[in-house]
Each structure stands twice: as structure tokens, then as C-alpha cells.
């Protein structure tokens with residue numbers, strides 16, 4: 001099971017005489033980063049809200065917005081005059097520049113964030129415990145999106161690893177032919193340079209065997225197969241937070257592919273290596289989004 005870091009969650013619920021709307025958006029990120037917007041009367045609970053979201057969502061770049069849609073009772077409000085003046089100045093300059101009628105600026109001002117705020121809104125401890133459930137519902141909705149995205153990521157990464165293994169099978173098939181081509185090439189070159197009668201064929205055979213052993217790629221193929229199998233094993237595990245582990249395995253897969261390419265000295269095998277590298281890069285792009 002793979003869970004993506006990308007998703008969106010929303011919940012709306014009434015607590016006491018207040019109706020809250022919670023929106024949480026998540027994108028990929030190396031660590032947990034949270035941009036939190038909430039009404040002023042929830043500021044005392046900001047640390048607990050951050051802790052709750054961090055525990056439930058783990059890594060990712062998150063944007064959480066908590067707004068008060070409505071209240072059941074009429075309560076006094078306060079006007080942030082300094083903020084209203086700043087908005088007014090900016091809107092007046094814009095309306096003059098665009099040659100628009102400025103008569104509607106006031107109606108626009110009162111709708112802008114934090115200009116008018118309720119003064120009597122507070123949460124009791126009991127209401128806070130109920131409000132936590134509103135956040136948890138948004139988190140649950142987000143996690144459902146993450147699971148849906150994760151299934152798509154997992155399917156694509158499995159395809160990339162399977163494609164790498166297909167190319168590896170071709171490399172293994174070509175390996176005996178490669179060794180024979182290298183052996184014949186060395187003999188031909190020596191014969192052209194010094195003449196067939198001027199070298200010890202037994203000594204040449206020993207040197208060829210030594211050279212072929214130095215550029216042997218069988219160990220790389222064994223490790224590459226093991227890494228690919230391990231990658232698929234991790235995909236099957238039920239635990240969350242496997243993105244970093246999968247990324248590390250892909251790095252090891254890349255090392256074996258690169259070493260295979262540097263030791264191959266064969267154009268046909270090099271083509272296989274190029275395809276494997278392309279599939280690896282596609283897998284790396286996808287694993288960046290895995291939780």
C-alpha cells in the first residue's frame with residue numbers, strides 16, 4: 001500500500017452555535033510544513049491543532065484553512081480600522097488607475113479578511129474537544145484522496161521496475177555473446193598489430209580471461225535483481241511513510257545500472273542500460289510524491 005503526499009480534505013460541522021469549515025491541502029515535501037489560517041479566537045489552540053495535523057498526516061507541504069461560516073447567535077463585532085484603511089488605500093489607487101467608480105469600495109472592504117471580526121467568540125473545553133473531530137474528518141477526507149493517488153503511483157512504479165527487469169533479462173541473454181565478441185576482438189587486434197605467429201596463444205588466453213573477469217557484470221545483475229525485488233516488497237507492506245525508503249532503494253538500483261553501463265563495452269547492452277535509466281528516472285519522479 002502506497003499513500004501519496006498529494007490530496008485535499010474538507011469538513012463542515014456545527015459545534016455549539018458555531019459552524020466551522022476546515023480545508024486541508026497537501027503537496028509533496030521533504031519534511032512537515034504547515035501553513036495554518038484560523039480565526040483569532042482559535043489562536044490559543046494553534047499548537048494543539050498543529051500537533052494533531054502533524055501526527056495524522058506526517059510529511060508534506062500542507063495548507064490548512066479554518067473558517068467560521070456562521071454563528072447561531074448575534075454577537076458584537078470589532079472593526080480593524082488600520083487594516084481597513086490599508087485596504088482602502090490600495091483599492092482606491094487601483095480604481096483610479098483602472099478608472100472605475102470608487103463608490104462601492106466600502107461594501108467590498110467589509111468582506112475582506114479580518115476587517116470585521118466577532119468579539120465574543122470563544123470555545124469552551126467541551127467545544128474544543130468537539131471541534132477536534134471536525135479537523136479529524138477533514139484529515140480523514142484528505143487521507144482518502146492520498147490513498148487514491150497512492151494507488152496510481154504504486155501502479156506506475158511497479159511498471160517502471162518491471163520494465164527495468166525486462167531490460168535486465170535482455171542484458172543477461174546478451175552477456176555470453178558480449179564476452180565472445182570481446183575475446184574475438186582482442187585476438188583480431190593482436191593479430192593485426194604483431195602477427196598471429198608472434199604471440200603465445202596460451203598466455204593470451206589467460207590475459208583474455210583476466211580481462212573479461214575485470215569487466216564481468218554478473219554481480220551487478222544479481223544485486224540489481226535483489227534491489228528491484230526489495231522495492232516491490234516494500235510496496236506491498238502496509239506501513240505508511242515508506243517514500244524515503246523507496247527513494248534510497250532507487251538510488252541503489254541506479255548504482256547497479258550505471259556500473260553495468262560503464263563495464264559493458266557493448267552497444268546492444270548500452271541500449272538496454274539507456275532504457276533502464278529512463279525507467280529509473282520516471283520511478284524517481286513518482287517516488288517524490290510518496291508519503
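Order of 244-251, 275-282, 18-25 by packing, highest average Cβ count within 10 Å first? Write down the numbers at each step before the final one.
Values: 244-251: 16.1, 275-282: 17.8, 18-25: 20.1.
Top of the packing list down: 18-25, 275-282, 244-251.
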Could you tell me the calculated FRET efficiency between residue 8 and residue 28, based on Cβ-Cβ distance and R0 = 22 angstrom, to the nearest 0.05? 0.95
Taking the beta-carbon count within 10 Å as an exposure proxy, list 114, 170 from fewest neighbours to most. 114, 170
How do 6, 124 rank when sorted from fewest to most other Cβ atoms within 10 Å of their own Cβ? 124, 6
Give me the distance in nm between label points sitting 7 Å out from Cα along the Cα-to-Cβ direction at residue 94 and residue 282, one decimal. 4.5 nm
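Read the figures in this text as sums done on the coordinates, not as results from a lab. None of these values were measured; they are calculated from a predicted model. Every residue, glycine among them, receives a Cβ derived from its backbone with ideal geometry; neighbour counts consider all protein chains shown.
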